[in-house]
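Engineer: Pasting a structure here, questions to come.
Where a number appears in this text, it was derived from the coordinates with a stated rule and is not lab data. Everything numeric here is computed off the predicted structure, so don't read it as measured data. As a convention, Cβ positions derive from the backbone with ideal geometry for all residues, glycine included, and neighbour counts pool all protein chains shown.
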Amino acid sequence: MEREVRVRFAPSPTGPLHIGGVRTALYNYLLARKLGGKMLLRIEDTDQNRFVPGAEQYIMDALRWCGIEIDEGIEQGGPHAPYRQSERKPMYRQYAQQLIDSGHAYYAFDTAEDLDAMRARLTAAKVPNPQYNSITRAQMRNSLTLPEDEVKQLLESGAQYVIRLKVPRKEEIRFNDLIRGWVVVHSSAVDDKVLMKSDGMPTYHLANIVDDHLMEITHVIRGEEWLPSAPLHVLLYRYLGWEATMPQFAHLPLLLKPDGTGKLSKRDGDKLGFPVFPLEWHGTDAETGQPTVSSGYRESGYLPEAFINFLAFLGWNPGTQQELFSMQDLIDTFTIERVSKSPARFDQNKVRWYNEQYLRAKPDAELAHYLIQELHTQGLAVPQEKAEQIAALVKERATFPADLAKEAQLFFQRSTTYDEQVISKKWNAPVAAALAAFAQELTTAPDTTPDGIKALLTQVVEGQGMKLGQVLQALRVAVTGAAAGPDLMHIMHILGAPETAQRIQLAVEKLAA
RNA sequence: GGUCCGUUCGUCUAGGGGUUAGGACAGUAGAUUUUCAUUCUACCAACAGGGGUUCGAUUCCCCUACGGACUACCA
């Protein structure tokens, strides 16, 4: 029987989610939707020391903003609740016990000092890879080296202990990664990982395998940083007797910093000159305890569609020439086989370009709605129709919605200054006279459409024995104060004849002085 | 150091034993425009190096170099 595809995104709530994490969530989501499966969100909070308040909520808000929908998780519940590992604590113990009973795990009583001493000893002896493993465990204090009754007594006396996996000495561990093909690791390179911590919490490794099994996960899609521990996970599935339903692994290439010197991390914050978080994050500085703010894509004016489209292409592509993909397009086209193996760097130019594309594709009515709201905060009331005209005119010049409002200012404020370069080059008595005449005509013009205005202007200017090109720049400055901007005829049309005429007259007076 | 992963234009990438090695972003130039921008057109620009295998390797294999990840009672 074909199993239902079930994938999970399993972040730990130690802070905001960075874009690499968002991409991992995205690929999981795309696969789930493509294959008609389920997407789960599981919170991996087994490290109580690293818990950051608000991080969990942030993760859910960020995914929602991105359009990544969760089928089962802490908000929506599901057949395998709870979806927060700290709440599943009692479930892990029995599996650790099962491993001990079957001889695949053991108790270890070593203190932090013991471990440090062991590593120091091994390093001094120039052992290539100092670790707690099949060799060194013979020298440590654990249930393999201590007499049985002493172990029993230690356990009963409440001594601190951990449970470690007994990794075989000589064995090849292999698994077929969906992206990388067969990966083979020798067991001697894997250490006896702690499964249960002395505080009674499982480590990531145990909790992860137990939960993925219990939650019937079919595909584990995660970052490449997990590749080295994948063999350990394979071993756990085997020893727990779950190998037959072990999920398929896919290790995603890393997202690198723009200079390629390492993987992007949440600590990069705003240091890189672009947001690394989907949403703005309010945190506290680890050293000073001062509140900090890290910028987010949402607050910077990025549209979620653009952000997601861009992110999807960082490490994946459809093999066609198409660049613009809606979420549904991505779902329809995505296959894990087309995810690349090599890491990708972040390209700021390209996200901006994507944002421009999506912004321009938005209906004018929607852009107008934004404009109205934005201008309202400035105390300006703008009718829908006018806002739409403005939006249509300026959207080609905008990267972010905020640019729309910026460009729209000229319609609501007369400039108090005039571009000096244009004035010195293009402004003279005949030009001023022609413009004054034009302003005069404009007040009674029957046709104030862009074309009508242009016809009138041409008529007036040529009537004065001049060419249009001689006055246009001056006219622009007279009307807007600036040397550059959107199409002048459209500006004058939206402004209306009376306002345009007044502005021209004002400029003529001011610049004559 | 050890283990693992990776390497096509500046960036994201397509391709794959015989190709003018394709696209997008960025850059440059031109056209359009009253201006800036947009748009359009063109240009620039890459198979890390060395060995094999082969009639032929950018493509397959090996080595080297470089880059990265991991190497916690963190995830």
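Engineer: Quick one: P(r) of the range A:304-361 from all Cα-Cα pairs, 5 Å bins, percents rounded to integers, in order of increasing distance.
Structural biologist: 4, 18, 31, 25, 17, 4, 1
Engineer: Classify the range A:193-337: rounded, prolate or oblate, from the alpha-carbon gyration tensor (a ≥ b ≥ c, eigenvalue square roots; a/c under 1.5 rounded; otherwise prolate if a/b is larger than b/c)?
Structural biologist: On the way: a/c = 2.33, a/b = 1.24, b/c = 1.87.
Oblate is the answer for the range A:193-337, as a/c is 1.5 or above yet b/c matches or exceeds a/b.
Engineer: Take peptides A:51-62, A:337-348 and line them up by average Cβ neighbours within 10 Å, highest first, as a rough protection proxy.
Structural biologist: In decreasing order of mean packing, A:51-62, A:337-348 become A:51-62, A:337-348.
Engineer: Cα atoms only, the range A:413-512: Rg and Dmax in Å?
Structural biologist: Using the Cα atoms of the range A:413-512, the pair Rg, Dmax is 11.9, 34 Å.
Engineer: Now a separate question. With the contact rule set at Cα under 8 Å and sequence spacing of 6 or more, what percent relative contact order holds for the range A:414-513?
Structural biologist: Numbers: 106 pairs, mean separation 41.2, N = 100.
It rounds to 41 percent for the range A:414-513.
Engineer: Still on this model: Taking the mean number of other Cβ atoms within 10 Å as a proxy for protection, how do you rank A:132-144, A:303-315, A:460-472 from highest to lowest?
Structural biologist: Listed from highest to lowest mean packing, they are A:303-315, A:132-144, A:460-472.
Engineer: With an 8 Å Cα cut-off and a minimum separation of 6 or more residues, compute the relative contact order for the range A:362-413 in percent.
Structural biologist: Details: 39 pairs, mean separation 18.4, N = 52.
Computed over the range A:362-413, the figure is 35 percent.
Engineer: Expressed as a rounded percentage, what relative contact order does chain A have, with Cα pairs under 8 Å and six or more residues apart?
Structural biologist: 12
Engineer: For a test of the definition: using alpha carbon positions, the gyration tensor, and the 1.5 limit on a/c, classify the range A:1-93 as rounded, prolate or oblate.
Structural biologist: Because a/c hits 1.5 or more and a/b fails to exceed b/c, the range A:1-93 counts as oblate.
Engineer: For a protection proxy built on the mean count of beta-carbon atoms within 10 angstrom, sort A:145-158, A:480-493, A:67-80 highest first, please. Show your work: numbers first, answer last.
Structural biologist: Values: A:145-158: 11.9, A:480-493: 18.1, A:67-80: 16.2.
Per-residue Cβ counts within 10 Å, averaged per peptide and sorted highest first, yield A:480-493, A:67-80, A:145-158.
Engineer: Taking every pair of alpha-carbon atoms in the range A:64-112, what share in percent sits in each 10 Å bin, from 0 to the bin with the longest distance?
Structural biologist: Going out from 0 Å in 10 Å bins, the range A:64-112 shows 20, 28, 27, 17, 8 percent.
Engineer: Angle, helix A:19-34 long axis vs. longest principal axis of chain A, Cα atoms, 0 to 90°, nearest 10?
Structural biologist: 80
Engineer: Which of the residue pairs A:Lys426/A:Lys510; A:Lys170/A:Lys197; A:Lys166/A:Lys197; A:Lys271/A:Lys341; A:Lys425/A:Lys467 have a Cα-Cα distance greater than 18 Å in the structure shown?
Structural biologist: Those over the limit are A:Lys170/A:Lys197; A:Lys271/A:Lys341.
Engineer: Kirkwood Rh, chain A, all Cα pairs: how many Å? Mind dumping the intermediate values first?
Structural biologist: Details: mean 1/r = 0.0360 Å⁻¹.
Across chain A, the inverse of the average 1/r is 27.8 Å.
Engineer: Also, quick follow-up: Could you give the length gained on full extension between A:Val293 and A:Ser342, defined as 0.36 nm per residue of separation minus the Cα-Cα distance, in nm?
Structural biologist: So the chain would gain 14.5 nm between A:Val293 and A:Ser342.
Engineer: Moving on. Could you tell me the ratio Rg/Rh of the range A:89-196? Both radii from Cα atoms, Rh via Kirkwood.
Structural biologist: 1.02
Engineer: Right, something else. How much FRET efficiency would the formula 1/(1 + (r/R0)^6) give for A:Glu396 and A:Gln76, where r is the Cβ-Cβ distance and R0 is 56 Å, rounded to 0.05?
Structural biologist: 0.85
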